[in-house]
Structure formats: structure tokens, C-alpha cells
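Structure record follows, encoded as C-alpha cells.
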Amino acid sequence: MSSSKSTEARHQSPDVVSMHGARTQRISEHIVEIISDSGEGAQTAGQMFATVSAKMGNGVWTVEIIPAEIEPPARSIEGASGNRIRLCSGAVTNAGDAADVIIALNEQVLIGREAAGEFKQGAHILLENKWAQNKISNIVTAYNDAVGNFKAKGYRVHEIPMEEECRKFVDNPLRGKNIFVVGILSYIYSRDLDIARQEIAKKFKKKGEAIIESNLSLLDAGYHWAQHNLDLHFEIDSPGVTEPQVVMNGNAALALGTVASGMEVCAMYPITPATSASHFLSEIFEEVGGVVHQAEDEIAACAFAIGASYAGKCAVTITSGPGMALKTELMGLSVMGEIPLVLVDVQRGGPSTGLPTKVEQGDLLAAMFGVPGDAPKIIMAPATIEDCFYSIITARKIAETFRTLVVVLTDANLATGQQAFPRPAFKEEWLAPPVDQSPVPAGANPYDWDAATGLSVRRLPGQANGMFTLTGLAHTRQGTVAYGPGVNQEGCRHRSLKLAAFQKTLKTPEVFGDPEGDLLIVGWGSTRGAIEEAVMRTRADGLDVSSLHLKFLQPMASGIREILHRYKRVMTVEINYSDSLDDEIIDDDNRRYANLAWLLRARYLVDIDCWSNVHGQPMKPGAIESMIRSRLQ
Amino acid sequence: MFGLKSECVLKVDEEFHDLEEYQGRVARWCPGCGDNGILAATQRLCRDEQLPPEKTVFVSGIGCAARFPHYMGTYGFHGLHGRALPTAQGVKIRRPDLKVFVNMGDGDCCSIGTAHWIHAVRMNMNMVAMLHDNNIYGLTKNQVSPTTPKGMTTATTPHGSVLREMNPLTATLGITNVSFVAQAVEWVPDLLYQVIRAAYQHKGFAFVRILQRCPHFMPTLFDSLLSNPDDIMVLDSDDGVKLSEATAKVYKTREPHDTADLNLAREVAGTEGKVPVGILYRNASVPCYDELRKPARLHTPEQARTVLDRAFDRFGIFPGASGTRHGTGDETDRRTDA
């Protein structure tokens, strides 16, 4: 048994099934939301509950609910902070639809979430009830009004004296109430308390035994309170874990991918929601001789990365949309000078400062066309958190092999969502081989473009006989600045040919569903799980729908054209803005399409429709499902 | 039987880098452009210090001065306007073996790249930064620069510039971690050479402002300085530049100076009416970012594996963790706390 398990009675697992077996409901999945004011620990509680569930072998996907401010006013609608956990008996690929059970530390944080349609009809709301006795009458009124409202809307509200109960165990219930919440949820979902105890011991390890003990009592207190006072008990098949797995968010996966790629330099400037990748990388990078350089601005970060790459240490710069906009000129230099560079854009809502903490897929066209002049580069988009890890390894390989810029588009959904995936097994080939530093042969040029592929051998400072001056100006294969009519044409042609050469290495993506049919949904990036779940649900009802997910957006693999032509209708589903034909003045002549739809229409001459929004939320499978049903009516 | 194997013979002749090796393409600056003198002094420095051309990198931004790397026989990086410094920092961060020089104009350094200039001083990485200051935008044809004297007519200030010119020396000397600041004028080659050589030999970020003539757009700018050499104030200190006899005869205004005194340096930098030349400030004990951030561990596959495995353990879920169907919890991750 684990070391944290003591012989004290309160640490024994209560025999829940025999006591409440009659009222236990079997479920195959649920969505649980834990919300509070910022700083009350709802995120910790959510992560802990999710980790316990993952360790029991449940499929888990978590989404952070993050207010834009660090310390928004208490009890404010906008201040809702917490975590949403989708819990399944089997694998889970996306955040799912609306919440079944919501547990909240005040009623205000519920209001905005409810209004946004995040709660299922008739969902259980478990609410801290201390507000009903507050000295300030406005608070009492607000609480009563909200509870009344929720009840009127059909939610089942359970008012819980959380703070009062916690006070029996700790002096300051503001610290630790979240663990009481984990206790309640552990009862409701029949969680393994041993695992929960281990998580508590791990979480509070640095704070000492006393803190661990008090949190263990709160866990048990929550559990017992729920057991004796709540008529709410679910059992979900939790198969246990058979293969080693890791649970992390997409930004941690990016950081680990950076280490695994063999890159030694990451230059960045803080920007939400990308920064946490650099936080984690900063913790571990020096142990492999790496350096995270926080530059004075986004531009400097990109220039620093380019300088390091030019000197032979391929580098990554991690940013979000506004940061990528600032790096645009340097992205052009990376392409022009053929300096390998990996640029990760963790997309957030735009335009401008937009929705800093929320998801969007609005940067695809900016990444592709944002650089003035012709700047061919490779663009890829991981679809899952696991993919975030492997994509960085791939991106570096491509960047160095093809002497080019590789843009990796993730988003806030991947960045802050957590998912379990098979533990990667280290391979030495992940770390790209050292660059050939032998003396440059006589007569060789810095841009000896291969006539067919545009590829040339990179040379690095330190290589004898290789001295040349890299320039962002138009240059010949000798690296000489030249403005003659043929020179820029030749340079642009060879840099473009590299993309074609790379394209020849890509495999045709596989269709999810049937090879032909009534409707094909095309997606990219983090929406994969939601799209495929919606396709699965509608196919189960006999609808003839399939989906295709693109990882490489530029260049696109061969075979996609043929796939598109095998369906009666094709549409993209994306989290970015597109015009709706429902607007009176929008028609086929002025409609602006979603990012990927534009690209597919242009390349494949197929009349591709799109369905997209900029709500700043992960795409819900249920919403896609309704859309599919209405389109196929 | 007798004698050495041929590959063991010292190849003294081949290992000596002569001046031509540091010459790149033929310079295409205007006749009389001050950049030519800076180039000659720099090539001489490289020869005298015997810098391996393949281990030497000149990084520049955009502007007339930024063509500099093309005219060197070393590696070069002619990048983007204003971005020479962060690019050079990237070059240096994991390549301590490389000798890095940065050539910027006054637009590059004092206008579009100002943020980088301030932070480069603060980071104090080992490199030489030369500010080719001709007080005007030349390549874009005659626009006012931050160092253009107030009242000058330029293409964008046809009635005279309205703002007082900025002083890059006082600005640099005001930045935390400043470690080397010097000034030279390109028309005194002896002084220029000594200043950039001292800059090269300095440990840390060496900032050299070089007043430079632009015969095309600012033909009379330094006329009074050229005709009144007494307005050039040579800083005299034990560890300062030593003028040749011939030069010393012309530049007679001498100012006793202490290169270790930051307040004095700031005072001298702000001198009105006279142009201080020589080393204003030098402090080799300021920590260098490239040394502070140098890898404590080698990047090896074994180390990468160790670090990744530890991280995977931290995020890990291991078989045997109990489910409600199987597993008893007996095996639950003892390793997660490792």
C-alpha cells in the first residue's frame, strides 16, 4: 500500500456501494466543472480530480477556465476560474459538450458559464451556501436570486455548507476548500481514495507533513459529507492502466518536444497563451545544456533564434498571434536567407489583442501569407496534445533538412487542455545529427541550389573556406547581393521548389469514415477529436458523413484533391471567422470564408463550404453534430 | 628514413592571415565615405589580432554601414534594419568560439533598434558594437536621424529639424551593466584603430561610437571639427589610447581621464562644444550574459534521455494504478514522486 495510507480510521475507504448501491447510476461519461473566484484553487482541484481519474484508467480531457485578469474582483461573473473535466470510460479526444455536474464556490461564477450554454439541461449544481447568511444583504439577495433562477431553469441545485464543514477541520477554510471539493467529487464518482491521497501528498510535498495531513482530512471530510448528505452517486467503468502513459497539457508537450528535438535554444517573449511552454522548458532545459532566452521583445526573440540557427544551433521561438505578427519581417529573413527556424504559434482569439486566454484558429492565413513578398514556408498543425510533442521533433528535422522556416500552429485549446497519451519512448534519432562542419570544398557556393529540388548545403561559421555574408537582399547562388532581373526570379524559384520537394515526402491523409459519400468535413489542428466524435455520432444514425484532418497545411499532401471529389458536399469546420449567408448582404460574391476553406477552394477548385465561429471556445462535438444534421436534412 | 613527416611540419606561412584575407567584396560606398576608414581599421585589427576568418562573424542591420560584412573576408550576416544586436546575441549564445562584431548606423542603433541597444548593453555579451554615426539616413536618402543636429534641413525636415539631437554616449553610459564605451572619429585612423582594438580586447559588450562623414548628404557637418582639431578632446589616461607622435601634434586638446570612473565618463560624454575621443569607460568585471547562461552540462543523447524520462515520470501514469475493474492500488506509482 502507498506510504500516505495510515492506519487511522478516517483514511479507510468507506464501503460506498453497499450503502448507496440502489441509488448509484452507471454512466459511460460525464463532464464535471469546478469553478470559483480566481485563487480559490478550483484549477488545482480540477487537475487533481482529472489525474486521479486518469490513473484509474479513465479517458480524461480537461479544459482550463481562465479569467483574463490575474486577480479579478471576487464574486464576479467574468472572474470564473476553474477546470472542466470530461471523464469517459474509454478514450476521449476532445472537451465534449455541456457539463453534467458543476461544483462552484459562489453563485456569480456560474452565471456567465450558464449563459454561455456550458451546462446541460437539468445538470446538478453543487454550490457553496455560505452566501445565504452573508452580512451584506445584497450578497444574500444575489445568491437567492441566482439559486432561484437556476432552479426555475430546471437545474438541480444542491446547496452545500462547504466552508462550515471545512472549519471543523482547518482554521482557514479558504485554503483547502478545494480539496473538500475533490472529496465530494471522489464520492460522487466513486474515485479511488488511495490515489487521491497520493496526489495530495505529491501536491503538498514541499509544504510539509502538517499541510498534507490537513488536506487529507479535508478530502475525507468532503467524501463523508457527500456520502451522508447527497443523493448523487455515479459509477463509471475505470479499466485501470495497462501501458505507461503521461498526462500533460499541450504547452508542456511543446516544451518536452523541444528537448526531444535536440534544439538547444528557445528565444521567447511572454505572451498568453504560449508562455507556459517556456515556463516548463525553463525548468528543465539547462539540464540538457539548453537555454531559454527571454528577449526584450518578440522581434528580438525571433532575431536571437535566427542568429543561433545561423551559427549552427537550430532554435525555436514560441509565441501567439500578436507575437507572430511582430516577427513577420524576420520570418521573411529566415525564408530568404534559408536559415532553419521553428516558430510555434499558440493561437488565441484575434484580431489585435483579441481574446488572450481563449482559443481560435485564426492565424493560418497570416502564417501562410503574412510575410510580404513570396515567402514559402512549411506550416503544420498538431491535432492532439501528443502531437504537440512529436511535431516539434518533426519541425526541427524539416527546418534543417530543407533550410527553411517551419511554423507550428497549436492553439489555446491544446495549450491548456490535458490529455493522457502513451508515454513516448526516447529515440536517439529524435536529436538531429550534428551538422557537417568539415571544410567547404573549393568552388562550392553558399546557395548551390539543386536544379530540381532547390535544396542546397548549409554552411556554418567555423567552417573553413565557407566564408560568405548571409543577406536578406536578393542574392545569387554565390550569396552576392544582386538586383538583376533573373536573380530574384531564380532565388524565389529555388526556395519555392523546396516546398514541392518536401511535398513529395508527404503521405495522403486518411479519411475518417467512408471513402465517398454525402458530406466530407475537413478540419485542421485541435478540432480533430470533436469533428471525429460528431462524425461518429451522426454516422451511427445512418448519415453518410466522413471527415478528413490535415496536419500539413503548407504544402498539402497529394491525393487530397481526389478525396474531395468523392463527396457530394465538402465543408470545413474551423474556429475562426467566416461570413454567414444568413446575413442579408452576404452572398457568393462577397462571402469571406474560414481560413482553410479559402485555401482548399483556391487549390482544388471545389465549391467548399465552411462552418466556423469565434466564440473563443473549443469546438463542441454536439454543435458540429447539430450542424451536420441540419446540412444533411 | 630521416626527417619529419610532411604533415608534422609547422606551416607558419599558411597560418598567418594577411590583410587580403580579411578583404571581402570591393566596397561600394560613396567616395569619401567615412565607412571606408572604419573598414580599413577593422581589417587591420583582424590581421593584427590574427582572427581566424572562419571564426569571425560581422553582423549588421540595414543602411550604408550595414554593407560592412560584405566587404569583410569573414562570415557575415547582413540582416534586418535595427535587428543586428539580437541576431548577434543569438550567434554568440552557444558559440563562444566565434568573434562577433556588430556594425550599425545611427538609424539602426539609435532609432529602430533602440530597445535592442539598451538591452544589449545590459546583457553585456562578448562582442564589439560599432555605431557608424553620420548623423543622417544615407541609404534611404537624406532623412533626419536621432543624432542629426537640431536645425539641419533634411528631406523630412525641410525647415530644419526641431528636436535636439540625442547623445548616444550619455544614453549608453546610463544603462545598467555598461562595461565599455568609447568614441572615435573616422578621419583620425590612428585613434580609430586603437579604440576598436581596445574594444576587441575588452571582455564584455564594447560599444564604440564612430563619428563618420557622409560627403553626399552631410558634406559640411564635420567641417568645423576638421578645421579646428582643438575641438577634439583626447581623453588621456594610463590605460587609454596612445596617440602617435604625428597625431598628437595635431590633436593637442588633452583631458586627463579615468576610465574606471563612471560618473566622470558620463560627465565627459555630455561635454558641450568639444568632442571627447578615446575610451570613456571600461569595466571588465561586469558579468556577461553569454557566460552566465553558458551550458553547465553538455548536450548529449544520454542527458536528453535522462531529462525526458524524469519529465515523463513526473507526468506519468503507470500500469497497475487501480481501476474500479482491475487493480488493487498496490503498485500505484511509487515512481511519481521520484
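Screening B:F101 on (1) within 14 Å of chain A (Cβ to nearest Cβ); (2) touching a Phe, Trp or Tyr at 6+ places or on another chain (Cβ under 6 Å); (3) surrounded by fewer than 24 Cβ atoms within 10 Å (Cβ to Cβ) shows it passes everything except condition (3). Criterion first (at pLDDT below 95, farther than 17 Å from A:Q43 by Cα and more than 29 Å from the chain's Cα centre (by Cα)) does A:F169 satisfy it? For A:F169, the condition - at pLDDT below 95, farther than 17 Å from A:Q43 by Cα and more than 29 Å from the chain's Cα centre (by Cα) - is met.
Of all residues in region A:188-202, which are more than 19 Å from A:D237 (Cβ to Cβ) and either among the hydroxyl-bearing types (S, T, Y) or within 11 Å of another protein chain (Cβ to nearest Cβ) (or both)? Even if it seems obvious, please write down each step before you answer.
Step one: of region A:188-202, the residues more than 19 Å from A:D237 (Cβ to Cβ) are A:197-202.
Once the filter is applied, which keeps residues that are more than 19 Å from A:D237 (Cβ to Cβ) and either among the hydroxyl-bearing types (S, T, Y) or within 11 Å of another protein chain (Cβ to nearest Cβ) (or both), region A:188-202 yields A:R197, A:Q198, A:E199, A:A201, A:K202.
Selection of region A:212-245 for residues being assigned to a helix (DSSP H, G or I) and either within 14 Å of chain B (Cβ to nearest Cβ) or over 18 Å from A:V32 (Cβ atoms) (or both) yields A:I212, A:E213, A:S214, A:N215, A:L216, A:S217, A:L218, A:D220, A:A221, A:H224, A:H228, A:N229.
Looking only at residues in region B:163-209 that are among the β-branched types (V, I, T) and within 12 Å of the chain's Cα centre (by Cα), the one that is surrounded by the most Cβ atoms within 10 Å (Cβ to Cβ) is B:V181. Count of region B:285-309 residues, restricted to those that are surrounded by fewer than 13 Cβ atoms within 10 Å (Cβ to Cβ) and among the aliphatic types (A, V, I, L, M), is 3.
Residue count for region A:320-343 satisfying the condition of being out of contact with any helix residue (DSSP H, G or I) (no Cβ under 6 Å at 6 or more places or on another chain) and away from every other protein chain (no Cβ under 12 Å): 8. Of the residues A:D100, A:D145, the single one that is at pLDDT 95 or above, within 21 Å of A:S81 (Cβ to Cβ) and either assigned to a loop (DSSP other than H, G, I, E, B) or out of contact with any helix residue (DSSP H, G or I) (no Cβ under 9 Å at 6 or more places or on another chain) (or both) is A:D100.
Which ranges mark the helices (runs of 4 or more DSSP H) fully within region B:227-338 that have 3 or more residues being modelled with pLDDT of 95 or more and not basic (K, R)? Talk me through it step by step, then tell me what you get.
Working: elements: B:245-250, B:262-269, B:289-292, B:301-314.
Answer list for region B:227-338: B:262-269, B:289-292, B:301-314.
I'd like to check something: does region B:262-278 contain any residue that is crowded, with 20+ Cβ neighbours inside 10 Å, away from chain A (no Cβ under 14 Å), in contact with a helix residue (DSSP H, G or I) (Cβ under 7 Å, 6 or more places away or on another chain) and more than 18 Å from B:L173 (Cα to Cα)? No - not one qualifying residue is present in region B:262-278. Checked against the criterion of being under 27 Å from the mean Cα position of the chain (by Cα) and more than 25 Å from A:G417 (Cα to Cα), region A:520-536 contains one or more residues that satisfy it. The number of residues in region A:221-266 that are modelled with pLDDT under 95 and small (G, A, S) comes to 2.
Return the total of residues in region B:87-97 being more than 12 Å from B:G76 (Cβ to Cβ) and facing another protein chain (nearest Cβ under 10 Å). Count: 7. Contact map, region A:597-612: residues that are in contact (Cβ under 8 Å) with a residue 24 or more places away in the chain and in the same structural domain as A:L550 (by TED's automatic domain parsing) paired with residues that are of a type in the set (S, T, N, Q) and surrounded by 17 or more Cβ atoms within 10 Å (Cβ to Cβ), Cβ distance under 6 Å, separation 6+ or inter-chain. Pairs shown: A:A597/A:T572; A:C610/A:T572; A:C610/A:S578; A:S612/A:N576; A:S612/A:S578.
Total residues in region B:58-81 satisfying the condition of being within 8 Å of chain A (Cβ to nearest Cβ), in contact with a Cys (Cβ under 9 Å, 6 or more places away or on another chain) and crowded, with 24+ Cβ neighbours inside 10 Å: the figure is 2.
The values are calculated or read from the model by the stated rules, or taken from the named source; none is laboratory data. For clarity, every value in this text was computed on a predicted model and none was experimentally measured. Note that we place each Cβ from the backbone using ideal geometry, even for glycine, and neighbour counts take in every protein chain shown.
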